[in-house]
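Asks: One structure coming up, written as structure tokens, with questions to follow.
Readers should treat all values here as calculations from the given coordinates under stated rules, not as data from a laboratory. A quick note: this is a predicted structure, and the numbers were derived from the prediction, not measured. Here the Cβ is made from the backbone with ideal geometry for all residues, glycine too, and neighbour counts use every protein chain on show.
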Amino acid sequence: MFLVLVPVEGLCAGWGKIGVKGAYCTASNRDVEAGTCSGGGAGVAVSLNLPVPGMTLQPELNLLSKYDHTMLEVPVNLQVGLDLLMIRPFVCVTPYFCFPVDVRGGEQVNKFQAGFGVGGGIDIWKFQIQCRYNWNIANFYKIQDVSGSDVSNKLRGIDLSLVFFF
């Protein structure tokens, strides 16, 4: 992976940067059951400079373990911050799409998840620390109550991540 990222980093000069990401995630399904599940994951992030100073667009591709399932997540962070000397604090709004990769126990997990997150973070030199609260828009899996009506079961939780940019 390093051999692929080094040449790409040279192409990004001036308009953005590319990095690798590690994340810790929590997810809860408060409408159906109590408790919170935690997980983690890794991915790749590309930070693109926008024409407005301090504003960046950061799409990512992450493989996460969330709510006992492996998921491929594609968040697109819109970050607005202050460009200071070696640091850049920012706030972000993040729509995301998520695709479950595995299904355990025969659950009927929806093939497509979508949601949005809000949060903030800080860029320090080549590192970025970000904390975001996420809400799913779609139900996580198909579940019905005793009467046969669909029950809302949208995931929500916190993602804490560290990105190293090349």
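Asks: Kindly state, to the nearest 0.05, the FRET efficiency for residue 50 paired with residue 99, given R0 = 30 Å and r defined as their beta-carbon distance.
Replies: 0.65
Asks: Moving on. Label points 7 Å out from Cα along the Cβ direction at residue 129 and residue 74: separation in nm?
Replies: Inter-label distance under the simple model: 3.1 nm.
Asks: According to a simple spin-label model (label point 7 Å from Cα along Cα-to-Cβ), what is the distance in nm between residue 42 and residue 15?
Replies: That separation, rounded to one decimal, is 2.8 nm.
Asks: Going Cα to Cα from residue 126, which lysines come in below 21 Å? Please leave out same-chain ones fewer than 8 positions away.
Replies: The qualifying lysines are 17, 21.
Asks: Continuing with the same structure: Per-residue counts of other Cβ atoms within 10 Å, averaged by peptide: what ranking do you get for 74-82, 120-128, highest first? Kindly include the intermediate steps, with their values, before the conclusion.
Replies: Working: 74-82: 17.6, 120-128: 15.9.
Ranking the peptides 74-82, 120-128 by packing returns 74-82, 120-128.
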